[in-house]
1. Can you name the condition, by its number, that V199 falls short on among (1) at pLDDT below 95; (2) of a type in the set (A, V, I, L, M, F, W, C); (3) closer than 27 Å to L118 by Cβ?
2. List every residue pair whose Cβ atoms lie under 7 Å apart, where the two residues are 6 or more positions apart in sequence or sit on different chains, the first residue falls within the range 237-261 and is under 17 Å from G157 (Cα atoms) and without any contact (Cβ under 8 Å) to a residue 60 or more places away in the chain, and the second residue, located anywhere, is in a strand (DSSP E or B) and among the basic types (K, R).
3. Considering only the range 89-144, state which residues are under 26 Å from E196 (Cα atoms), exposed (fewer than 15 other Cβ atoms within 10 Å of the Cβ) and modelled with pLDDT under 65.
4. Look through the range 161-183, keep the residues that are of a type outside the set (A, V, I, L, M, F, W, C) and free of Cβ contacts under 8 Å to residues at least 60 places away in the same chain, and return whichever of them is surrounded by the most Cβ atoms within 10 Å (Cβ to Cβ).
5. Residues that are at pLDDT 85 or above and more than 35 Å from the chain's Cα centre (by Cα): list the strands (runs of 3 or more DSSP E) wholly contained in the range 206-290 that include at least 3 such residues.
6. Are any residues in the range 184-224 surrounded by fewer than 22 Cβ atoms within 10 Å (Cβ to Cβ) and in contact with a Leu (Cβ under 6 Å, 6 or more places away or on another chain), and if so, which ones?
Amino acid sequence: MGDFFKSVKFKIILCILALLVGIMIYSVTQDGVSIASSNFLGSIFKPVRKLSNSISNKVETQIDMYVNAEDYYNENQALKKQITELYNKLSDYENVKKEIEELRKFVGIKEENTQYELSPPCSVIGRVTNDPFGSFIIDRGSKDDIKVYDPVVTGEGIVGIVVEVASNYSIVRTILSPEVSLGGLCVESRDTGIIEGSVDKASNGLCQMIYINKDNNIQAGNLIVTSGNSGLFPQNYIVGTVVETGINENGLTAFAVIKPAVDINKLTTVIVIKSMSSDDDSENGEINEN
């Protein structure tokens with residue numbers, strides 16, 4: 001320590017301090033009149049003052065956070081709770097909105113098809129594992145008078161058919177499956193055929209109408225509806241629109257690829273047609289409608 005007081009560095013510091021003291025004393029003797037030296041000092045100490053103020057502000061902030069930490073924590077928790085409540089209200093609103101929309105569709109179907117006995121809206125509660133054709137499970141079963149072979153629809157169009165029923169749930173096989181066939185009719189050309197699914201089409205959410213007369217007039221964009229030939233499915237219910245047509249390899253019949261009006265993979269609610277008008281002949285042993 002004694003070496004420091006004898007060093008050149010210490011002597012320089014003393015000289016600087018003496019100079020600064022001298023300048024301050026001289027400034028005072030000038031009755032407060034600004035001189036060049038005071039401007040010089042100001043330019044020297046300005047960055048020091050900025051640094052000092054910055055440090056002071058940070059220290060005050062840290063002290064404030066430390067002293068009021070509990071209050072800030074409680075306020076933060078209260079805000080988080082409010083945000084959670086708002087998110088829940090928004091979620092509830094969206095759910096209610098969807099329910100209202102589904103009920104509107106249900107009312108629309110009921111008004112347009114007074115000859116049908118319809119189930120209340122059924123929620124899709126699960127998907128059948130490893131089924132490439134989109135089979136799903138609904139939350140209504142035999143206690144709701146749902147039966148095997150009952151058609152399943154939405155306000156947009158045909159979905160499929162009930163293939164298994166328990167007391168409180170049912171399994172629905174969709175029109176993307178080759179195990180579900182129904183008569184189809186092109187609204188514009190009046191050509192008919194059989195609508196069924198296939199493995200290659202189902203992967204793209206499509207089905208097809210086959211056994212069409214080779215000399216048909218079906219075009220892309222045409223609307224396909226159910227023909228209702230056997231009574232298993234309602235007549236004139238929308239199936240979808242034609243996206244492609246062609247002639248089969250045998251050269252004897254034509255086909256049309258159909259995009260269903262209903263997006264099978266996004267279904268959340270459906271309706272089961274429990275019975276149609278007494279004029280229709282119901283099939284009790286076959287899933288295919290030819």
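The values are calculated or read from the model by the stated rules, or taken from the named source; none is laboratory data. This structure is a prediction, so every number in the text was calculated from the model and none was measured. With ideal geometry, Cβ positions are generated from the backbone for all residues, glycine too; neighbour counts draw on all protein chains shown.
1. Going through (1) at pLDDT below 95; (2) of a type in the set (A, V, I, L, M, F, W, C); (3) closer than 27 Å to L118 by Cβ one by one, V199 breaks only (3).
2. The qualifying pairs are T241/K259; V243/K259.
3. Result: E112, single match.
4. So, considering only residues that are of a type outside the set (A, V, I, L, M, F, W, C) and free of Cβ contacts under 8 Å to residues at least 60 places away in the same chain, the one surrounded by the most Cβ atoms within 10 Å (Cβ to Cβ) is S177.
5. 207-213
6. V187, T192, A202
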